[in-house]
Amino acid sequence: SSFRYVALNMLMRAVTADAQAVQRHRATILECVKDLDASIRKRALELVYVLVNETNVKPLVKELVDYLEYHLPSLKKDVGVGEDVGVGGSV
């Protein structure tokens, strides 16, 4: 678990030097978004945000929306959000 966090930190630092090299790890980064450890999920989401560009925005958003649709009930419980919040919904 700590290895993933350190790897994500290294990728975050590397993105400024060579974004394309980090893009090659996009699938692994997206897998980290699904990690049980909240700190890894948060760091992976920060990295996804940095990686988004006009050529990959659609597939990245699709991956994130698919993840949210499947995991939203458990995520709401984790953060204490009510049941009336959905993907693309309002509070």
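Taken over segment 11-44, the criterion of being in a helix (DSSP H, G or I), over 16 Å from residue 1 (Cα atoms) and open to solvent by 70 Å² or more (accessible area, probe 1.4 Å) is satisfied by 13, 20, 26, 27.
Among the residues of segment 45-59, just one is within 25 Å of residue 73 (Cα to Cα), open to solvent by less than 40 Å² (accessible area, probe 1.4 Å) and touching a residue at least 24 places away in the same chain (Cβ under 8 Å), namely 47.
The values are calculated or read from the model by the stated rules, or taken from the named source; none is laboratory data. Values in this document were obtained by computation on a predicted structure and should not be read as measured data. No Cβ is skipped: glycine too gets one built from the backbone with ideal geometry, and neighbour counts run over all protein chains shown. We work out accessible area using only protein heavy atoms, side chains counted, and drop any ligands, DNA or RNA first. Shrake-Rupley method; radii C 1.70, N 1.55, O 1.52, S 1.80 Å.
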